[in-house]
Amino acid sequence: MTTTALSFVHRFEPATAPGRPPLLLLHGTGGDEDDLLPLGRMLAPGAALLSPRGKVSEGGMPRFFRRLAEGVFDHDDVRARADELADFVAAARAAHGLAAPVAVGFSNGANVAAAVMMRRPDTFAGAVLLRAMVPLPEPAAGGLDGRRVLILSGSADPIVPAANAAALAALLAAGGAAVDHRTLPTGHGLTQGDVALARTFLDTLS
Ligand code: MLT
């Protein structure tokens with residue numbers, strides 16, 4: 001595991017199974033660069049893992065962009081932070097010789113991944129968005145060119161309304177993505193069902 005002088009504090013684990021796309025792991029509010037490494041290893045054994053820490057601090061809790069309240073986002077900040085994250089991915093790919101990663105984001109990390117897909121469609125080869133919401137009010141820029149996106153929502157999620165998750169699926173599909181949106185009988189937290197579906201999805205991308 002190494003850390004290079006790129007623009008985000010991050011962890012990088014090189015691939016041990018060439019051929020799998022790298023994963024970009026994006027944590028939820030209060031997480032950090034270590035949080036999702038075990039999940040990444042479980043979802044795509046042997047894939048390179050790139051895991052940045054969000055630069056925004058909310059009362060000491062790292063996030064990837066500012067929010068005004070739960071579910072109410074500072075859209076100018078979302079746009080700027082999404083672009084900065086896309087630039088980080090490009091720099092990390094050059095530094096480590098990586099193919100385009102598949103984003104695996106949870107909650108706030110899923111939301112910033114969706115914002116990157118809306119604004120910089122070439123950044124990711126695909127995405128797994130866990131408990132994601134619509135991050136920006138405008139349409140996606142387009143150009144997602146059939147990139148595959150798995151959105152996993154929870155039917156009892158107190159943070160993400162079902163209509164919001166459905167709107168995100170429609171928005172990314174309108175931008176050109178091939179979206180598979182599933183809703184699990186659970187809340188905001190991740191379950192074994194999420195892991196199983198995400199793992200199968202990632203296996204089919206390899
Ligand atoms: C969170 O707690 O991270 C929210 O549910 C999503 C967000 O603020 O982006």
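Points worth noting:
- Odd one out for PRO62 among (1) in a strand (DSSP E or B); (2) touching a residue at least 40 places away in the same chain (Cβ under 8 Å); (3) within 12 Å of the ligand (Cβ to nearest atom): (2)
- Restricting the range 148-166 to residues that are away from the ligand (no atom under 16 Å from the Cβ) and touching a residue at least 40 places away in the same chain (Cβ under 8 Å) leaves a set whose member that is farthest from SER107 (Cα to Cα) is ARG148.
- Screening ALA103, ALA82, ALA110, ALA92 for residues that are more than 16 Å from the ligand (Cβ to nearest atom) and either of a type in the set (Lys, Arg) or open to solvent by less than 60 Å² (accessible area, probe 1.4 Å) (or both) leaves exactly one candidate, ALA92.
- Taken over the range 129-147, the criterion of being away from the ligand (no atom under 16 Å from the Cβ) and either at positive phi or open to solvent by less than 10 Å² (accessible area, probe 1.4 Å) (or both) is satisfied by GLY142, GLY143, LEU144, ASP145, GLY146.
- Close pairs from the range 71-88: first closer than 26 Å to LEU23 by Cα, partner assigned to a helix (DSSP H, G or I) and open to solvent by less than 60 Å² (accessible area, probe 1.4 Å), Cβ under 7 Å, at least 6 apart: VAL78/ALA115; ARG81/VAL112; ALA82/VAL112; ALA82/ALA115; ALA82/VAL116; LEU85/VAL112; LEU85/VAL116; ALA86/VAL116
- Here the range 38-58 is the region considered, the condition is being farther than 21 Å from GLU13 by Cα and within 12 Å of the ligand (Cβ to nearest atom), and the residue that is surrounded by the fewest Cβ atoms within 10 Å (Cβ to Cβ) is GLU58.
- Scanning the range 181-204 finds no residues that are modelled with pLDDT of 95 or more and in contact with a His (Cβ under 7 Å, 6 or more places away or on another chain).
- Here the range 65-76 is the region considered, the condition is being open to solvent by 80 Å² or more (accessible area, probe 1.4 Å) and not in a strand (DSSP E or B), and the residue that is farthest from the ligand (Cβ to nearest atom) is ASP76.
- Single residue of the range 183-206 satisfying the filter (of a type in the set (Ser, Thr, Tyr) and not in a strand (DSSP E or B)) that is surrounded by the most Cβ atoms within 10 Å (Cβ to Cβ): THR186
- Complete set of residues in the range 167-182 that are in contact (Cβ under 8 Å) with a residue 24 or more places away in the chain and either surrounded by 15 or more Cβ atoms within 10 Å (Cβ to Cβ) or part of a helix (DSSP H, G or I) (or both): ALA167, LEU168, LEU171, LEU172, ALA174, GLY175, GLY176, ALA177, VAL179, HIS181
The values are calculated or read from the model by the stated rules, or taken from the named source; none is laboratory data. Fair warning: this is a prediction, and the values are worked out from it, not measured in the lab. A quick note on method: Cβ atoms are made from the backbone with ideal geometry, for glycine too, and the neighbour counts reach across all protein chains shown. The protein model used for the area step is the full one, side chains on, heavy atoms only, and it has no ligands, DNA or RNA in it. Shrake-Rupley method; radii C 1.70, N 1.55, O 1.52, S 1.80 Å.
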